[in-house]
Amino acid sequence: ISEIIKDREDYTTINPIGIMQEKDTNIYVMERLTGKTLEEKIREGRASVEEFYKIAEALGIIHAKLSGEFIERDTIESIRKRLNSFFEEEFVNTIIENLKPAVTSLESIVRVYNNDAHPGNWQVDDYGIIGILDTESGRKIPITIDDTNLLDQHTFLTPEQKFSIMRKHWEIYNKGAD
């Protein structure tokens, strides 16, 4: 991602400064950026619609330019695994059977690198520089999932603003994907 946005003065990424290992998992120690996450700004009532547009633009650039062999997790099995920890197998099977048509309808949506675009993964400094904090490496998802993560985990934006921001994301993605 750093390479993709290196010529942009309005975006930055955090860099790893160390790696720790816990069991079979690498944990990256990252540098700290100044400012607040978009999530903190929303909670404080200080987020702006313009910040969402800038993030949508960054998301469009990343989605258009980042390519590779990404793995797509099995949506049904992922849901099944989560539900199995709360409900009996027969009930889980009923839920899964009812979800299959909805999941099938997602199959034709463009797949992109999972940027995990929820508001907690974007930092905004005092100068309006957008920092990209955390992404889900190696996974691909329907492009609409990152839109949903960014736009629908809060009530800050109106439906019209959400739609307009999503259009901006797609516009940038389509320009870069050519």
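The values are calculated or read from the model by the stated rules, or taken from the named source; none is laboratory data. Quick caveat: nothing in here was measured; it's all calculated off a predicted structure. Here Cβ is always computed from backbone atoms with ideal geometry, including for glycine, and neighbour counts include all displayed protein chains. These accessible areas exclude ligands, DNA and RNA; they are computed on the full protein's heavy atoms, side chains included. Shrake-Rupley method; radii C 1.70, N 1.55, O 1.52, S 1.80 Å.
Please go through the range 70-80 and pick out each residue that is loosely packed, with under 12 Cβ neighbours inside 10 Å and part of a helix (DSSP H, G or I).
E77, S78 - these are the residues of the range 70-80 that are loosely packed, with under 12 Cβ neighbours inside 10 Å and part of a helix (DSSP H, G or I).
Going by what's in this entry, would I165 be described as modelled with pLDDT of 95 or more, open to solvent by less than 30 Å² (accessible area, probe 1.4 Å) and not hydroxyl-bearing (S, T, Y)?
Yes, satisfied.
Under 8 Å between Cβ atoms, which residue pairs at least 6 apart in sequence (or on different chains) link something in the range 25-36 that is in contact (Cβ under 8 Å) with a residue 12 or more places away in the chain and under 9 Å from N15 (Cα atoms) with a partner that is open to solvent by less than 70 Å² (accessible area, probe 1.4 Å) and not in a loop (DSSP other than H, G, I, E, B)?
Sorted first by the residue in the range 25-36, then by its partner, the pairs are V29/G18.
When only residues in the range 135-152 that are under 20 Å from A64 (Cβ atoms) and free of Cβ contacts under 8 Å to residues at least 24 places away in the same chain count, which is surrounded by the most Cβ atoms within 10 Å (Cβ to Cβ)?
Restricting to residues being under 20 Å from A64 (Cβ atoms) and free of Cβ contacts under 8 Å to residues at least 24 places away in the same chain, the top hit is E136.
With (1) among the hydrophobic types (A, V, I, L, M, F, W, C); (2) within 17 Å of G131 (Cα to Cα); (3) open to solvent by 50 Å² or more (accessible area, probe 1.4 Å) as the list, and F87 as the residue in question, which single condition is left unmet?
With respect to (1) among the hydrophobic types (A, V, I, L, M, F, W, C); (2) within 17 Å of G131 (Cα to Cα); (3) open to solvent by 50 Å² or more (accessible area, probe 1.4 Å), F87 is out only on (2).
Considering only residues of the range 32-78 that are among the small types (G, A, S) and touching a His at 6+ places or on another chain (Cβ under 6 Å), which is farthest from I143 (Cα to Cα)?
A56
Please find, among E90, E51, E107, the residue that is of a type in the set (D, E) and not in a helix (DSSP H, G or I).
Only one candidate qualifies: E107.
Matching residues to (1) in contact with a strand residue (DSSP E or B) (Cβ under 6 Å, 6 or more places away or on another chain); (2) of a type in the set (V, I, T); (3) closer than 21 Å to T13 by Cα:
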residue	(1), (2), (3)
V103	no, yes, no
S108	no, no, no
H118	no, no, yes
K162	no, no, no
N174	no, no, no
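If P101 meets every condition in (1) part of a helix (DSSP H, G or I); (2) open to solvent by 70 Å² or more (accessible area, probe 1.4 Å); (3) in contact (Cβ under 8 Å) with a residue 12 or more places away in the chain; (4) not polar (S, T, N, Q) apart from one, which number is that one?
Every listed condition holds for P101 apart from (3).
Would it be correct to say that G120 is in contact (Cβ under 8 Å) with a residue 60 or more places away in the chain, part of a helix (DSSP H, G or I) and either under 18 Å from I172 (Cα atoms) or open to solvent by less than 50 Å² (accessible area, probe 1.4 Å) (or both)?
yes
Among the residues of the range 54-69 satisfying the criterion of being assigned to a helix (DSSP H, G or I) and among the small types (G, A, S), which is farthest from T37 (Cα to Cα)?
So the residue we want is A64.
From the list K65, K41, which one is surrounded by 10 or more Cβ atoms within 10 Å (Cβ to Cβ), basic (K, R) and at pLDDT 95 or above?
Among K65, K41, only K41 is surrounded by 10 or more Cβ atoms within 10 Å (Cβ to Cβ), basic (K, R) and at pLDDT 95 or above.
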